[in-house]
Amino acid sequence: MSYVCFDIGGTSIKYVLTNKDGTILSRGSSPTIHSSTEEFIDFLVKKVRYYEERTRIKGIGISVPGTVEKETGKSILGGAILHLYDKNLRELLAEHFSCPIHVENDARCALMAELTMGAAKENQDVVLMTIGTGIGGAVAYDRKIVYGNHYTAGEFGMIRLDALNHPTKTMHELASTAALIKRYKEKKFLFPSALVDPQSIFSEMHRDEETRQIVDEWATYLSAGIFNIAAGFNPEKIVIGGGISANPSLLPLIREKLEENPHWKDYRADIEIARFKNDAGAIGALSFLLQTNQQTSVKGENYVS
């Protein structure tokens, strides 16, 4: 018996066939369908049918961007996928399949993956921050996923870091990978359309002083956001995810910046890179799916045993 799990992003849809312990048996990826919900659902159905022809499918797990209503799986906001706004993927797929289906926010899926099988499997109070095109996040207390009043707990990207000099800018505009790339292009007088790999910026900073200063400024904003999260949530561990987290220079840089903060000693938390990278959404969706009928029903929380 196997499970089909989708990790849906603004650029691509990743899908895996996995068993219940998270071992990936097959995987694939395709560009995200932005044209219509009908074509989008048709794509998901065809992928599940493909796997159904080869094995028994026990359930379907889906990780999506945006704000997801916990009780129903409805996408209140669909992130970069505009046609998903106010759509219920669980109900739409239930028209085609009778197996259990679980839909969850992508950052919460990433945290669930780390809690069940990754960097936080031995921890109780954990915050996850994802660094990518924007800043994402999720929170767990006593291994219970926190949703908040409007299902937006963990929206760290909306934290304001410099209200005096940048009153309208949030962590999205100052501390994301996109922010780093934008600042690099400005300082290097590159066209906005120029393709820049953030990993190459990190490599370049070791031999170019101007690039080092660009990264240093970016890391200052990023570490300030991490400190604010540590002070506000008092977690046992902060897990850092997102594509840039794979760069070996990132974690030492964050730690160095935090140590420069005289208040860090009072709010110190372990900081660790996420174990799951590209598979975080799918593995987290699987974990949510498996616990659908086992979770403790507490308003606003999901329990991870």
Just going by the charge dipole of the chain, with Lys and Arg at +1 and Asp and Glu at -1 on Cβ, which of Leu174, Gly59, Gly148 is farthest out on the positive end?
-> Gly59
Approximate spin-label separation Arg54-Asn234, in nm, with each point projected 7 Å along Cα-to-Cβ = 5.0 nm
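State, to one decimal in nm², a quarter of the convex hull surface area for the C-alpha atoms of region 14-69, i.e. the direction-averaged projected area. Numbers along the way, then the final one.
Details: hull surface 19.3 nm².
Result: 4.8 nm².
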Segment Arg212-Ser26, extension gain: residue separation times 0.36 nm, minus the distance between their alpha carbons | 62.9 nm
Can you give the Rg and Dmax of region 167-289 based on its C-alpha atoms, in angstrom?
-> 15.7, 48
Just from its helices, what would the mean residue ellipticity at 222 nm be for the chain, if runs of 4 or more DSSP H residues each count -39500 (n - 2.57) and the sum is divided by every residue, rounded to the nearest 500 deg cm²/dmol?
-> -10500 deg cm²/dmol
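With r as the distance between the Cβ atoms of Leu195 and His263 and R0 = 30 Å, compute the FRET efficiency 1/(1 + (r/R0)^6) and round to 0.05.
That gives a FRET efficiency of 0.15.
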Dividing the alpha-carbon radius of gyration of region 2-105 by 2.2 N^0.38 Å (N being the number of residues), what value is obtained?
-> 0.99
Step through the table entries Lys20/Lys47; Lys185/Lys277; Lys144/Lys257; Lys46/Lys87; Lys46/Lys74; Lys187/Lys237, compare each Cα-Cα distance with 24 Å, and write down the pairs that go over it.
-> Lys185/Lys277; Lys144/Lys257; Lys187/Lys237
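No lab work stands behind these numbers, since they all come straight from the coordinates. All values reported here derive from a predicted model rather than from experimental measurement. Positions of Cβ are generated from backbone atoms using ideal geometry, with glycine treated the same way; all protein chains shown enter the neighbour counts.
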